[in-house]
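Read the structure below first, then the notes.
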Amino acid sequence: MRALIVALVIAAGGCASAPPNPDAPHTAEAFGIAPYGIHETCFRLAAGDRLDWRFESNAAVEFNLHYHDGPIVVMPLTFIASTGASGIFPVTVAQDYCAMWEAGAAGAVVSYHIRPLRAER
(Lines give C-alpha, C1' and ligand atoms only; values in the text may rest on other atoms or scores of the structure.)
Protein backbone atom coordinates (compact mmCIF):
# COMPACT_ATOMS: atom_id res chain seq x y z
CA MET A 1 0.00 0.00 0.00
CA ARG A 2 2.81 2.41 0.87
CA ALA A 3 4.41 1.84 -2.57
CA LEU A 4 1.09 2.74 -4.23
CA ILE A 5 0.87 6.02 -2.27
CA VAL A 6 4.47 6.92 -3.17
CA ALA A 7 3.77 6.15 -6.85
CA LEU A 8 0.66 8.36 -6.80
CA VAL A 9 2.57 11.25 -5.17
CA ILE A 10 5.33 10.99 -7.81
CA ALA A 11 2.78 10.84 -10.64
CA ALA A 12 0.91 13.86 -9.28
CA GLY A 13 4.17 15.80 -9.05
CA GLY A 14 4.77 15.07 -12.73
CA CYS A 15 1.57 16.96 -13.55
CA ALA A 16 2.76 20.21 -12.00
CA SER A 17 3.34 22.87 -14.62
CA ALA A 18 6.52 24.89 -14.91
CA PRO A 19 6.38 28.61 -14.11
CA PRO A 20 5.56 30.73 -17.17
CA ASN A 21 8.47 31.98 -19.26
CA PRO A 22 8.58 35.80 -18.96
CA ASP A 23 10.26 36.01 -22.38
CA ALA A 24 7.65 33.94 -24.21
CA PRO A 25 5.48 35.79 -26.72
CA HIS A 26 1.82 36.35 -25.91
CA THR A 27 -0.20 35.27 -28.94
CA ALA A 28 -3.89 34.88 -29.70
CA GLU A 29 -5.63 33.92 -32.93
CA ALA A 30 -9.24 35.05 -33.36
CA PHE A 31 -9.78 35.95 -29.70
CA GLY A 32 -13.36 37.13 -29.15
CA ILE A 33 -14.00 40.25 -27.07
CA ALA A 34 -17.60 40.84 -25.97
CA PRO A 35 -19.40 44.11 -26.77
CA TYR A 36 -17.75 46.88 -24.72
CA GLY A 37 -15.42 44.22 -23.31
CA ILE A 38 -11.73 44.53 -22.51
CA HIS A 39 -8.83 42.13 -22.96
CA GLU A 40 -5.28 42.70 -21.80
CA THR A 41 -1.97 40.86 -21.62
CA CYS A 42 0.91 42.04 -19.46
CA PHE A 43 4.72 41.88 -19.30
CA ARG A 44 7.38 42.96 -16.82
CA LEU A 45 9.83 45.06 -18.84
CA ALA A 46 13.12 46.71 -17.92
CA ALA A 47 14.57 49.96 -19.22
CA GLY A 48 16.36 49.19 -22.49
CA ASP A 49 14.00 46.33 -23.41
CA ARG A 50 11.76 46.64 -26.46
CA LEU A 51 8.31 45.25 -27.11
CA ASP A 52 7.58 43.86 -30.59
CA TRP A 53 3.80 44.05 -31.04
CA ARG A 54 1.11 43.69 -33.69
CA PHE A 55 -2.61 43.08 -33.84
CA GLU A 56 -5.50 42.80 -36.27
CA SER A 57 -9.21 43.09 -35.52
CA ASN A 58 -12.38 42.48 -37.52
CA ALA A 59 -13.90 45.63 -35.97
CA ALA A 60 -12.50 48.91 -34.72
CA VAL A 61 -11.06 48.69 -31.20
CA GLU A 62 -9.28 51.01 -28.84
CA PHE A 63 -5.75 49.76 -28.19
CA ASN A 64 -3.19 50.98 -25.70
CA LEU A 65 0.04 50.00 -24.04
CA HIS A 66 -0.01 51.19 -20.44
CA TYR A 67 1.45 50.86 -16.96
CA HIS A 68 0.42 52.05 -13.51
CA ASP A 69 2.49 54.61 -11.60
CA GLY A 70 0.74 54.63 -8.24
CA PRO A 71 -2.82 55.82 -8.86
CA ILE A 72 -1.96 57.15 -12.33
CA VAL A 73 -2.31 55.11 -15.54
CA VAL A 74 0.41 56.07 -18.04
CA MET A 75 -0.38 55.25 -21.69
CA PRO A 76 2.72 55.75 -23.83
CA LEU A 77 0.97 54.19 -26.83
CA THR A 78 -2.70 54.56 -27.88
CA PHE A 79 -4.79 53.88 -30.97
CA ILE A 80 -8.47 54.83 -31.25
CA ALA A 81 -10.86 53.06 -33.64
CA SER A 82 -8.13 50.86 -35.10
CA THR A 83 -8.45 47.55 -36.93
CA GLY A 84 -4.74 46.85 -36.70
CA ALA A 85 -1.30 48.23 -36.05
CA SER A 86 2.24 47.11 -35.29
CA GLY A 87 5.55 48.42 -34.08
CA ILE A 88 8.50 48.10 -31.76
CA PHE A 89 8.08 50.01 -28.50
CA PRO A 90 11.32 51.08 -26.75
CA VAL A 91 11.05 50.80 -22.97
CA THR A 92 12.53 53.70 -21.03
CA VAL A 93 10.83 53.06 -17.67
CA ALA A 94 10.98 49.66 -15.94
CA GLN A 95 7.38 48.65 -15.18
CA ASP A 96 4.73 46.00 -15.65
CA TYR A 97 3.29 46.98 -19.06
CA CYS A 98 -0.08 45.81 -20.36
CA ALA A 99 -1.39 45.77 -23.92
CA MET A 100 -5.14 46.33 -23.81
CA TRP A 101 -7.95 46.16 -26.36
CA GLU A 102 -11.45 47.56 -25.78
CA ALA A 103 -14.26 46.56 -28.13
CA GLY A 104 -17.19 48.73 -29.16
CA ALA A 105 -20.89 47.90 -29.32
CA ALA A 106 -20.45 45.05 -31.82
CA GLY A 107 -17.61 43.32 -29.98
CA ALA A 108 -14.49 42.27 -31.87
CA VAL A 109 -12.35 39.33 -32.87
CA VAL A 110 -8.68 40.15 -32.34
CA SER A 111 -5.48 38.34 -33.28
CA TYR A 112 -2.21 39.50 -31.76
CA HIS A 113 1.44 38.68 -31.22
CA ILE A 114 3.42 40.53 -28.56
CA ARG A 115 7.00 39.62 -27.73
CA PRO A 116 9.49 41.16 -25.34
CA LEU A 117 12.93 41.80 -26.79
CA ARG A 118 15.32 41.87 -23.86
CA ALA A 119 18.24 44.31 -23.71
CA GLU A 120 21.69 42.82 -23.30
CA ARG A 121 22.49 42.78 -19.61
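The values are calculated or read from the model by the stated rules, or taken from the named source; none is laboratory data. Here the structure is a predicted model, which is why all the values come from computation and not from measurement. Backbone-built Cβ (ideal geometry, glycine too); neighbour counts: all protein chains shown. In case anyone asks, the SASA skips ligands and DNA or RNA and just uses the protein heavy atoms, side chains included. Shrake-Rupley method; radii C 1.70, N 1.55, O 1.52, S 1.80 Å.
Below, the figures for the structure above:
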item: Potential extension, ARG118-MET75 segment - 0.36 nm per residue separation minus Cα distance; result: 13.4 nm
item: Share of carbon and sulfur in the accessible heavy-atom surface of region 34-90 [1.4 Å probe, %]; result: 55
item: Heavy-atom accessible area per residue - region 24-121, 1.4 Å, Å²; result: 54
item: Amide hydrogen neighbours beyond the local backbone of ASP49, cut-off 5 Å, H modeled; result: VAL91, ALA119
item: Magnitude of the charge dipole, region 35-114, Cβ model with Lys/Arg +1 and Asp/Glu -1, debye to 20; result: 100
item: In Hz, Karplus ³J(HN,Hα) per residue of region 23-39 (6.51, -1.76, 1.60; θ = phi - 60°; x = Gly, Pro); result: 9, 6, x, 9, 9, 9, 10, 6, 7, x, 10, 5, x, 6, x, 10, 9
item: Gained length - GLU29 relative to GLU56, 0.36 nm times residue gap less alpha-carbon distance; result: 8.8 nm
